[in-house]
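Below is one structure, written out as structure tokens; the observations come after it.
The values are calculated or read from the model by the stated rules, or taken from the named source; none is laboratory data. Quick caveat: nothing in here was measured; it's all calculated off a predicted structure. Cβ sites come from the backbone with ideal geometry, for glycine too, and all protein chains shown count toward neighbours. Just so you know, the surface numbers come from the protein's heavy atoms only, side chains and all, with ligands and any DNA or RNA stripped out. Shrake-Rupley method; radii C 1.70, N 1.55, O 1.52, S 1.80 Å.
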Amino acid sequence: LKSCIVTSDELGIYYPPKSGTLSIENTSITAPTGIVIKGSNVNISGNTTITANGEEVIPEDYYNGSTSGDNSLTLTGDAIYVESGYNDRDITLEITEGSFISENGRAVRMYIKEGEETEVQREISISGGTFSSDISEYMTDGVDLIANSDGSYSVGAVTAENAAAQVGDDYYGTLEEAIAAATDGQTVQMLKDLTISEKQTISTGI
């Protein structure tokens with residue numbers, strides 16, 4: 001998909017194949033759930049915007065591919081939802097640029113059932129972009145999570161210009177990271193206004 005506009009009143013894209021690569025570049029996708037990935041490779045780059053406007057649904061089980069009505073695909077309300085369950089195929093998602101917004105769920109979510117054992121690959125690699133929720137667990141090495149004033153997060157390098165907080169001479173992309181890094185007696189200085197969601201908890205570690 002290159003320079004496309006995709007709109008849907010249910011699901012923007014469902015991608016479950018065993019092999020191949022879906023490349024999304026400079027494309028806009030708007031749907032209650034943006035993309036569901038259950039197989040193969042997906043690469044997202046450029047000025048891509050994926051917006052999910054559906055209600056959040058927490059996944060509890062896998063879709064098994066049945067068409068008989070006894071099992072159905074969970075539409076989570078996420079911009080991107082990666083679901084395991086087809087254990088005969090790898091899943092890789094690489095995001096290098098773009099904007100990923102979920103109004104009620106997560107920007108990126110991966111669901112793997114607790115205790116699942118599989119030899120196939122399950123990997124999300126994020127090295128750039130802006131996200132409506134914290135995606136730090138999926139970031140590649142060498143990049144930082146940066147909290148923005150509007151409550152979103154960007155992925156990149158922390159500088160004095162974009163840092164959320166400072167401790168001594170060190171800059172941090174999020175207030176949580178700065179508090180965690182501060183030792184007794186050190187001052188954490190906020191460098192910009194931040195919107196803290198109801199789901200966030202900031203701990204001093206004391």
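Between residue 112 and residue 160, what's the calculated FRET efficiency when r is the beta-carbon distance and R0 is 35 Å? Round to 0.05. Don't jump to the answer; show the numbers that get you there.
On the way: r = 38 Å, r/R0 = 1.09.
So the FRET efficiency works out to roughly 0.35.
Once neighbouring chains are kept in place and the probe is 1.4 Å, which whole percent of the accessible area of region 36-144 is contributed by carbon and sulfur? Spell out each step's value before the answer.
Numbers: 1920 of 5060 Å².
Carbon and sulfur together cover 38 percent of it.
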For a quick check of your reading of the filter: which GluC sites (Glu not before Pro) in region 46-117 sit in a DSSP loop and have no more than 10 other Cβ atoms within 10 Å?
60, 114, 117
Could you point to the label whose value was computed as Cα Rg over 2.2 N^0.38 Å for the structure here, given [x] 1.10; [y] 1.30; [z] 1.88?
[x]
May I ask you to list the aspartates and glutamates whose Cα is less than 12 Å away from that of residue 113, ignoring any residue fewer than eight positions away on the same chain?
60, 61, 83
Per residue, how many Å² of accessible area does the chain show with a 1.4 Å probe?
52 Å²
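Work out the FRET efficiency for residue 26 and residue 170 from their Cβ-Cβ distance, taking R0 = 25 Å, and round it to the nearest 0.05. Display every interim value, and only then the final one.
Details: r = 36 Å, r/R0 = 1.45.
Efficiency computed from Cβ-Cβ geometry: 0.10.
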Positive-end residue, the chain charge dipole about Cα centroid, Cβ charges, pick of 139, 65, 20
20
